[in-house]
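Shown next, in structure tokens, is the structure this report addresses.
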Amino acid sequence: MVIAIDGPAGAGKSTVARAVARELGFTYLDSGAMYRCVALAVSRTGADPDDGDAAGEVAERVRIEFDDGRVSLDGEDVSAAIRTPEVSALASRVSVHPRVREALVAEQRRLIASGRYVAEGRDIGTVVSPDAPLKVFLGASDEERARRRAAETGEPFEEVLRAQRERDRRDREREHAPLRPAEDAVELDTTGLPVEEVVARVVELARERGL
Ligand code: DC
């Protein structure tokens, strides 16, 4: 079973999903980290990230594991390596391929079926788990999202904003599982809201649904 937290980059999904999972005693699942792992594996093997079959083969072959907040790829801790701006850009490119998405969605569904999860991503409520009992779509203004990301990574704001717009466009316009709120998602605009308030609201929504 899963609580779905979807939205664009920098909307606060990770912080909110992690905190909600902790509060409810659920397991946190970062689906974006899985696309990042595939991107890293693609770049390491020298495969063409825009070749759907090559990237798909990599996605089907790699072993991605989560353990206590760490992410491992074929047994190697890649928690830091998957957070670079290069991997962010590559992840957005490999995630357009249906074969990549199929492999990762299958793995996400397998995990979700094994327990109670709070999963964050772009398509959890629309594709991975359309019958999730609670779907939240987080948003915030472009500038606020870029400000948050720049503060986190130390990159210049203008550069973050530019790269973010590029990724947002690709995530929204792609043919397969584009970023959009599910029809029954609760949409929350987090611009100017303290994170504790957003977390409290999502926990309240979960409790209202008896989760
Ligand atoms: O959330 P993130 O920034 O770690 O995601 C990295 C990339 O992966 C992002 O460009 C969109 C893609 N992604 C996706 O297509 N579907 C998901 N469920 C999660 C992430």
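The values are calculated or read from the model by the stated rules, or taken from the named source; none is laboratory data. Small disclaimer: the values here were computed from a predicted structure and weren't measured. No Cβ is skipped: glycine too gets one built from the backbone with ideal geometry, and neighbour counts run over all protein chains shown. Only protein heavy atoms, including side chains, enter the accessible area calculation; ligands, DNA and RNA are left aside. Shrake-Rupley method; radii C 1.70, N 1.55, O 1.52, S 1.80 Å.
Take the residues of the stretch 109-134 that are within 16 Å of the ligand (Cβ to nearest atom) and hydrophobic (A, V, I, L, M, F, W, C): which is farthest from G7 (Cα to Cα)? Walk me through how you get there before you give the answer.
Start the filter on the stretch 109-134 by keeping residues that are within 16 Å of the ligand (Cβ to nearest atom), which leaves 109-112, 117-130, 132.
From what is left, the residues that are hydrophobic (A, V, I, L, M, F, W, C) are 111-112, 118-119, 124, 127-128, 132.
Values: L111: 21, I112: 19, V118: 14, A119: 12, I124: 10, V127: 14, V128: 14, A132: 16 Å.
Out of the qualifying residues, it is L111.
Report, by residue number, each residue of the stretch 159-181 that is under 15 Å from the mean Cα position of the chain (by Cα) and open to solvent by less than 60 Å² (accessible area, probe 1.4 Å).
Of the residues in the stretch 159-181, the ones under 15 Å from the mean Cα position of the chain (by Cα) are 164, 167-168, 170-172, 177-181.
Hits for the stretch 159-181 are Q164, R167, D168, R170, D171, A177, P178, L179, P181.
Considering each residue of the stretch 73-97, count those that are crowded, with 18+ Cβ neighbours inside 10 Å and without any contact (Cβ under 8 Å) to a residue 24 or more places away in the chain, and give that number.
Summing the residues that are crowded, with 18+ Cβ neighbours inside 10 Å and without any contact (Cβ under 8 Å) to a residue 24 or more places away in the chain in the stretch 73-97 gives 0.
Can we say R70 is open to solvent by 80 Å² or more (accessible area, probe 1.4 Å), of a type outside the set (A, V, I, L, M) and more than 30 Å from D184 (Cβ to Cβ)? Don't jump to the end; show me each part of the working.
Numbers: open to solvent by 80 Å² or more (accessible area, probe 1.4 Å): yes; of a type outside the set (A, V, I, L, M): yes; more than 30 Å from D184 (Cβ to Cβ): yes.
Yes: the conditions hold for R70.
Among the residues of the stretch 96-106, is there at least one that is of a type in the set (D, E, K, R), in contact with a His (Cβ under 6 Å, 6 or more places away or on another chain) and at pLDDT 95 or above?
First, the residues of the stretch 96-106 that are of a type in the set (D, E, K, R): 99, 101-102.
Still in the list and also in contact with a His (Cβ under 6 Å, 6 or more places away or on another chain): 101.
If we keep only those that are at pLDDT 95 or above too, we end up with 101.
Yes: the stretch 96-106 contains one or more residues that are of a type in the set (D, E, K, R), in contact with a His (Cβ under 6 Å, 6 or more places away or on another chain) and at pLDDT 95 or above.
Suppose the filter is loosely packed, with under 14 Cβ neighbours inside 10 Å, among the acidic types (D, E), away from the ligand (no atom under 11 Å from the Cβ) and in a helix (DSSP H, G or I); does E102 pass it?
Values: loosely packed, with under 14 Cβ neighbours inside 10 Å: no; among the acidic types (D, E): yes; away from the ligand (no atom under 11 Å from the Cβ): yes; in a helix (DSSP H, G or I): yes.
Judged against the criteria, E102 is not a match.
From the list A163, A146, exactly one residue is closer than 24 Å to H97 by Cβ and of a type in the set (A, V, I, L, M, F, W, C). Which is it? Full working, then the answer.
Working: A146 fails: closer than 24 Å to H97 by Cβ.
Going through A163, A146 in turn, the sole match is A163.
Counting just the residues of the stretch 109-139 that are of a type outside the set (K, R) and more than 21 Å from S95 (Cβ to Cβ), which one comes out surrounded by the most Cβ atoms within 10 Å (Cβ to Cβ)?
The extreme case among them is L134.
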